[in-house]
Amino acid sequence: MRFQTIISLKKALTSVGAFFRFTKDKPKPRKIALLFTLVSLVLILSPIWVFSFFSEKSPQEKIESARKLIAKAGELEAQVYAPKEYEQAKSFWNKAMKEWKTGNENSVLYKNFGSASVFADNAISKAEQAIQKAKTEKKKCVDEYTSKITELKKNAKFLERAFSEFPLPTDQRKQFTKYVLKIQEAEAAYQRNDILSALKILNSVENSLKLVKLSISKTLDEYFYDYEKWISFDAEMKRLSAQENQICLVVDKYDKICRVYKNGSVYKEFPVELGPNWMGVKKRRGDKATPEGKYFVTMKKSGKSTIYYKSLVINYPNQEDVQRFERAKRNGEIPANATIGNLIAIHGEGGKGINWTEGCVALENKHMDILFQLCPIGTPVAIVGSLKPLKQILVEE
Amino acid sequence: MTTLVKIAALSVAVLVVSSCAKVPEVELENAKKAVEELKAVEANRYMAAEFNAIQDSLNAANVAIETEKSRFFLVRNYDAPKSKLVNVVTIAEELKAKNEEKKAQVREEAQQNIEAVNQLIAENKDLLKKAPRGKEGKAALEAIQSDIATIEASVNEVNTLISNGDYLTAKDKSAALKAKAESIKEELNQAIAKTKKRK
């Protein structure tokens, strides 16, 4: 094989030699021109090629690697999660390209890609940093978002339930509505992968929502401070009904139920309506609050003697109510000219679906008929805030 | 003979010069312009992945051009980068159209949400009249009215966002408003149903 190649080359060289062989005759002008052209080309191109071959290699590979890394960083949203590193990588890459371009424009002798190579190296380094940071930062943001949205939604659910179950300050509910809108907006932003915007929105409401929750929790905790007392009232009514063989009533303000105890067990339960500010104790006349405490029926009214169909008037204010009223007056919690109120009753004309009374307990007339018949004067009545603990109320679906 | 040598010299010169392939400057400028136009229409927001890809294609074409420039001038060939650049322009035009479609779709969704919210506001106001002076008395009634007022105020905010062309934020906000308006409607319906049941 090698022998054949040598023979072929020899033949070729012989042919070329024959073509340009000078004879005794004058050389033909065509041949001279062709020879001139070939020699010129070889003379011009050979050194250029040699220089090109041995001159500094272009930074193509590095620049291409940097480009691919920058593209990968872009796919990983480095412009969002590692903007500084990403922009630096792009800037270095642009500089590398500029230097490469300048180098390419120079003649073979002056080609120098040193700077381009350095810039490309920097671009690679920054792009790698951007990729790494984008990955970790995005994960961090997702984790932060998940943690915050879980906490905020938990708080929102707590408040939503609290606002729907208790007559709480309306100004706080107004604020709460704005926060709920923000939480929903954040969720929408998150769903379209705009995690930073979602986080920003959550951060804007996080503290305010916490404050509202704290305030509402404090109000409810203060109200439920008497929970053990309420439970003891209920137990006492149950016991009394068994021991004394008499009807005893427990009005559960939270559940809006009037429980009738007979012989130590629940005999009947009727839905009730209260004053709009039913949460808390009654402090004075006109506060539309239903009192809490242990009372008994002092008077039974029916027909023309009451405008509420039938009434079981209780002994509000009792001694404890009077003491509380005096204390509140002394402490300036209520105006100096405030009066304590009276004629709190369990009466008819209920069933309106709202808490509408001035502080009384209203039942539907058909239920009032039964209760009126069951309860003689002296029937013990306990009015309590709730027979369920607060925790249970706020986690109930 | 002199003439022939001159012609040969000229031929060599022409050959050398003509061997330098032309850099696709026009195509490069067109591609750059197409990508800039895409950015101007917020393709980086609405179609971020596609925008990054086309930006990278432009960079790849630039690298290909410089790679050719680095080669021995007689063997340079700009056909591949030229083709890449033409492709960038074509894809950019397609993306621009798709981006407009997507923007229109997001705007439409935001507007539909707002229409639904406006309708829900009207329905909720009617339900408020039917509600027995609020679910839990006057205070609760006022609270619900205040919620509706908050939603109404936010509708104006969303409309401003739509006018300013920030459709994505408008869509997020309008979706939140719709959800809240729906929850109020449910709350009122439940309150009314409760009253009817008792009657």
Checklist entry - Which is modelled with pLDDT under 95 and within 13 Å of the chain's Cα centre (by Cα), of A:207, A:245? => result A:207
Next on the checklist: Just to check your reading of the model, which residue among A:181, A:159, A:202 is modelled with pLDDT of 95 or more, within 14 Å of chain B (Cβ to nearest Cβ) and assigned to a helix (DSSP H, G or I)?
Outcome noted: A:202
Item to check | residue A:285 vs. criteria touching a residue at least 24 places away in the same chain (Cβ under 8 Å), surrounded by fewer than 20 Cβ atoms within 10 Å (Cβ to Cβ) and either part of a helix (DSSP H, G or I) or touching a Phe, Trp or Tyr at 6+ places or on another chain (Cβ under 6 Å) (or both) | outcome: no
Item to check | Residue ID - surrounded by the most Cβ atoms within 10 Å (Cβ to Cβ), chosen from residues in the stretch A:310-334 that are assigned to a loop (DSSP other than H, G, I, E, B) and under 46 Å from the mean Cα position of the chain (by Cα) | outcome: A:334
Next on the checklist: Name the residue that is farthest from the other protein chains (Cβ to nearest Cβ), counting only residues in the stretch A:349-378 that are within 42 Å of the chain's Cα centre (by Cα) and on the phi > 0 side of the Ramachandran plot.
Outcome noted: A:359
Item to check | Criterion violated by residue B:88 - all others in (1) among the hydrophobic types (A, V, I, L, M, F, W, C); (2) surrounded by 21 or more Cβ atoms within 10 Å (Cβ to Cβ); (3) under 30 Å from residue A:168 (Cα atoms) satisfied | outcome: (3)
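Here's the yes/no breakdown for (1) outside the structural domain of residue A:367 (by TED's automatic domain parsing); (2) assigned to a strand (DSSP E or B); (3) under 26 Å from residue A:391 (Cβ atoms):
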residue	(1), (2), (3)
A:251	no, yes, yes
A:258	no, yes, yes
A:268	no, yes, no
A:276	no, no, yes
A:289	no, no, yes
A:296	no, yes, no
A:308	no, no, no
Checklist entry - Just a yes or no: is a residue in the stretch A:168-175 at the interface with another protein chain (Cβ under 9 Å from one of its Cβ atoms), outside any helix (DSSP H, G or I), in contact with a Pro (Cβ under 9 Å, 6 or more places away or on another chain) and closer than 17 Å to residue A:219 by Cα? => result no
Checklist entry - Does any residue of the stretch A:184-192 turn out to be within 13 Å of chain B (Cβ to nearest Cβ), without any contact (Cβ under 8 Å) to a residue 60 or more places away in the chain, surrounded by fewer than 17 Cβ atoms within 10 Å (Cβ to Cβ) and over 18 Å from residue B:146 (Cα atoms)? => result yes
Next on the checklist: Can you go through B:116, B:104, B:110, B:140 and tell me which one is in a helix (DSSP H, G or I), out of contact with any helix residue (DSSP H, G or I) (no Cβ under 7 Å at 6 or more places or on another chain) and modelled with pLDDT of 90 or more?
Outcome noted: B:104
Next on the checklist: Out of the residues in the stretch A:21-58 meeting the condition of being under 60 Å from the mean Cα position of the chain (by Cα) and within 9 Å of chain B (Cβ to nearest Cβ), tell me which one is modelled with the highest pLDDT.
Outcome noted: A:58
Checklist entry - Can you name every residue in the stretch A:351-367 that is buried (at least 24 other Cβ atoms within 10 Å of the Cβ) and over 19 Å from residue A:286 (Cα atoms)? => result A:363
Checklist entry - What do you reckon, is residue A:262 in contact with a Leu (Cβ under 9 Å, 6 or more places away or on another chain), among the basic types (Lys, Arg) and farther than 18 Å from residue A:296 by Cα? => result no
Next on the checklist: With the structure loaded, tell me whether residue A:148 is surrounded by 16 or more Cβ atoms within 10 Å (Cβ to Cβ), away from chain B (no Cβ under 12 Å) and not aliphatic (A, V, I, L, M) or whether it fails that test.
Outcome noted: yes
Checklist entry - Which ones in the stretch A:309-356 are at pLDDT 90 or above and polar (S, T, N, Q)? => result A:311, A:315, A:318, A:319, A:323
Next on the checklist: Out of everything in the stretch B:60-83 that is within 11 Å of chain A (Cβ to nearest Cβ) and either touching a Cys at 6+ places or on another chain (Cβ under 6 Å) or in contact (Cβ under 8 Å) with a residue 40 or more places away in the chain (or both), what residue ends up being farthest from residue A:63 (Cα to Cα)?
Outcome noted: B:74
Next on the checklist: Restricting to the stretch A:137-163, name every residue that is free of Cβ contacts under 8 Å to residues at least 60 places away in the same chain and among the aliphatic types (A, V, I, L, M).
Outcome noted: A:142, A:149, A:152, A:156, A:159
Checklist entry - Are any of the residues in the stretch A:201-219 assigned by TED's automatic domain parsing to the domain that holds residue A:387, exposed (fewer than 15 other Cβ atoms within 10 Å of the Cβ) and not β-branched (Val, Ile, Thr)? => result no
Item to check | Scope the stretch B:174-196; condition within 11 Å of chain A (Cβ to nearest Cβ) and without any contact (Cβ under 8 Å) to a residue 60 or more places away in the chain; matching residues | outcome: B:176, B:179, B:180, B:183, B:187, B:190, B:193, B:194, B:196
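The values are calculated or read from the model by the stated rules, or taken from the named source; none is laboratory data. Fair warning: this is a prediction, and the values are worked out from it, not measured in the lab. Note that each Cβ is placed from the backbone with ideal geometry, even for glycine, and that neighbours are counted across all protein chains shown.
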